[in-house]
Structure formats: structure tokens, C-alpha cells
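All remarks here apply to the structure that follows.
What follows draws every value from the coordinates through simple rules; no lab data is involved. Keep in mind it's a predicted model, so treat the numbers as computed, not measured. No Cβ is skipped: glycine too gets one built from the backbone with ideal geometry, and neighbour counts run over all protein chains shown.
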Amino acid sequence: MSDLRELYQDVILEHSKAPRNYRQLATANHKAEGYNPLCGDHFTLYLDLKGDSIHDISFQGSGCAISKASASMMTQSVKGKTREEAGKLFEQFHKLVTGQANGNQADLGKLAVFSGVSQFPVRVKCATLAWHTLQAAMEGKQEPVSTE
């Protein structure tokens, strides 16, 4: 199991060092800010919604390795999905990082690398910040999202 944990750590570190979709999105028609005062994580999430689908998504900001990797992998996972599909994915991801997944991680694909977060409850907010910010952007909320 330690080999699997090491692989998961490598994936998280790699996404943290070279995050995907890390840019301002010129075609964004929705955006939201997220802030985790405990860690200092601060992101702006940009969404290009076409009808009910996430046509494109990106983010900018700074944060710990877990929050940045989570934002990077989230953008890859939700691109092309409907709002409802993205919401369901967030529910599954939240169950995973809070230790409530009951071993059902198949639908999460690469996001399963965050399974170890459940062993460190203080890091759950780091892993979910981008997801809460995505929800706010899809709902058109103007005030910044905070994990506190």
C-alpha cells in the first residue's frame, strides 16, 4: 500500500508544481473567488458556461500543494460536464476526502489520489476549496467563498 500512497503523493506534487488550466480565461462568463484563511489558499476560478455545460474552466492564485493540485485536477475532471454532473462529482469527491466514500471511488477516476486527505481532517478544506468555488461560480455568487 505504501507504493500506492507514494504514487498518489507524486501525482499531487506534479499537479501542484505544474497545474493544468492555470490561466485567466478570456472567454469566462462566470467567475468566483475562494479563500482558505487557515492555509492562506486563494484562488480565482473562471468558467465559460455554454447553456448547462462547462465549456471551459481555469483558475489562478496560490495555495498549498493539496489545494493547487485539487484545483488543477478538478478543472480537468469537470470540463465538458453539465452543472449537474459537476455537482455529483463534487459530492463523491467530498465523501472521499471526508472518509465517507465506503470504497466506492471508481467514478472519481484520477481524483481518487486524494483519498489520503481523509486521514488529515485539517486538509479537507484545502482539497475542497476549488470545488466550493466552482459551485459559487456556477451559481453566480459574487461574494468570495471561504472555508471558515
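Remarks
- Subtracting the Cα-Cα distance of ASN29 and ASN102 from their residue separation scaled by 0.36 nm leaves 22.6 nm.
- Average Cα contact separation per residue, the chain, under 8 Å, 6 or more apart, as relative contact order %: 30
- Counted by Cβ distance under 14 Å from LEU38, the other residues give a net charge of 0, where Lys and Arg count +1 and Asp and Glu count -1.
- Estimated 222 nm signal from helices in the chain, with DSSP H stretches of n ≥ 4 weighted -39500 (n - 2.57), rounded to 500: -13500 deg cm²/dmol
- Table column - 3J(HN,Hα) (Hz), the range 20-32, Karplus curve with 6.51, -1.76, 1.60, x for Gly and Pro: 7, 6, 8, 5, 7, 9, 4, 8, 4, 10, 9, 8, 8
- Whole-Hz Karplus values for the range 132-148 come out as 5, 5, 4, 4, 5, 5, 5, 8, x, 6, 8, 6, x, 7, 10, 7, 9 Hz, taken residue by residue from phi with 6.51 cos²θ - 1.76 cosθ + 1.60 and θ = phi - 60°; glycine and proline positions read x.
- Filter on LYS79/LYS110; LYS31/LYS125; LYS50/LYS110; LYS95/LYS125 - keep pairs with C-alpha separation over 18 Å: LYS31/LYS125; LYS50/LYS110
- Approximating the spin labels as points 7 Å out from Cα along Cα→Cβ, the HIS94-to-VAL122 distance works out to 2.3 nm.
- Between VAL11 and LEU38, the C-beta separation translates, for a Förster distance of 30 Å, into a calculated FRET efficiency of about 0.80.
- Distance from the range 2-80 to the range 116-148 (C-alpha centre basis), Å: 11
- If you wrap the tightest convex hull around every Cα atom of the chain and split its volume per residue, you get 97 Å³.
- Between helix 83-97 and the chain: long-axis angle, C-alpha atoms, 0 to 90°, nearest 10: 30
- Note on LYS50 and TYR22: their simple-model spin labels are 2.7 nm apart, each label 7 Å out from Cα toward Cβ.
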